[in-house]
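Notes follow the structure.
The values are calculated or read from the model by the stated rules, or taken from the named source; none is laboratory data. Being a predicted model, the structure only gives us computed values, none of them experimental. Cβ: placed from backbone, ideal geometry, glycine included. Neighbour counts: every protein chain shown. Heads up: the accessible areas ignore ligands, DNA and RNA and are worked out on the full protein's heavy atoms, side chains in. Shrake-Rupley method; radii C 1.70, N 1.55, O 1.52, S 1.80 Å.
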Amino acid sequence: MRDLNEITITDEVVGAVAGGSNDRIRRISQALIRHLHNFVREVEPSQKEWEQGIDFLTQTGQMCSDVRQEFILLSDALGVSMLVDTINHRHPDGATETTVFGPFFVEDRQEFALGANISEGVPGVPLFVSGTVKDIAGSPIEGATVDSWHSDDEGFYDVQKGHDLAMRGRFNTDAGGRFWFWTVRPKFYPIPNDGPVGKMLEAQGRHPFRPEHVHFMIAAPDQETLVTHVFIDGDPYLDTDVVFGVKNSLVTGYRSCTPGIAPDGKNVDLPYLVLDYDFVLSPEKIP
Ligand code: BEZ
Ligand code: FE
């Protein structure tokens, strides 16, 4: 193990981890070393660039806190989160496609009755959200838990504004697998870009925006929990989502409605929008 050169060093390091405690650790360590070495050979960083790279990763770690996960944001902005998501959700045809989870989910969210307004007092265009949850055979799932969360009409989540929780809630589907609730129309928004990931995007000549969307997490017994969004057709960022999360099957349009009787029988005195989307869950994988 002496006189290693630019090429021979790789096999030497790969060999050094051959005694890893299990096959998986060995495989991951060896692939990591091979790819990292090839990356360095391709890029040939100067000593200064290497130090800048270390500094970037250090700042990324330092930016992390209870309410900020800059490493996940980095993974999102480099398309790694979507790659991991795609590899882990090779679902049967017909099942709703998945997309990134994002940092704005809150464990401690409120459970609402069907038809409730989850954004009472929040300014914005009234939005009626409805849909069904079915299994892959087409049977409605009663009692599925439907979590939804989204931004306000300026592109901010409640947790970013530091006020009470809003624009998020949990529902249970009825006997027909249906759910429905009122909220306000969200907007496209930038991912948190006041840290190293924001600086990286700027240096890469990229904008920080995600297209308008509503998040869903849907869980039911014997089904794989679905984490996804519904995107809105016509958004200017659909084709350049900073986290690469858009899938055609998840894009739909609002139906514009004039004041009057809404689909839930409520009399609405303002123009409002309807977002209707039917979800299909995948059966839980048996390990
Ligand atoms: C979101 O949609 O909430 C999100 C996803 C990835 C990074 C930042 C935000
Ligand atoms: Fe989001």
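The gain in end-to-end length when the GLU120 to ASP269 segment is fully stretched comes to 52.1 nm, 0.36 nm per residue minus the alpha carbon separation. Rounded to the nearest 0.05, the FRET efficiency derived from the C-beta distance between ILE87 and ASP278 at R0 = 30 Å is 0.70. Taking each residue as 0.36 nm, the span from PHE39 to THR8 lengthens on full extension beyond its C-alpha to C-alpha distance by 9.6 nm. In this simple spin-label approximation, VAL106 and HIS207 carry label points 7 Å from Cα along the Cα→Cβ vector, and these lie 2.8 nm apart. Under a model in which nothing but the beta-carbon of Lys, Arg (+1) and Asp, Glu (-1) is charged, the chain shows a dipole of about 260 debye around its Cα centre. Across the chain, Cα-Cα pairs farther apart than 33 Å form 35% of the total.
Taking all Cα pairs closer than 8 Å and separated by 6 or more residues, the relative contact order of the chain comes to 20 percent.
Between GLN47 and ASN172, the modelled label-to-label distance comes to 6.6 nm, taking each label 7 Å out from Cα in the direction of the beta carbon.
When nucleic acids and ligands are ignored and a 1.4 Å probe is applied, THR86 ends up with an accessible area of around 70 Å².
Label separation (ASP164 vs ALA137): 4.4 nm, computed from points 7 Å beyond Cα along the C-beta direction.
Comparing ASP23, ASP264, ASP153 in a Gaussian network model of the chain, where Cα atoms under 10 Å apart are tied by springs, the biggest mean-square fluctuation is seen for ASP23.
The portion of the accessible surface of the chain made up by carbon and sulfur, rounded to a whole percent, is 54 (1.4 Å probe; DNA, RNA and ligands excluded).
Extension gain for the segment ASP222 to GLN59, taken as residue separation times 0.36 nm less the Cα-Cα distance, is 54.5 nm to one decimal. Using a cutoff of 8 angstrom between alpha carbon atoms and counting only pairs six or more residues apart, the relative contact order for segment 136-287 works out to 21 percent.
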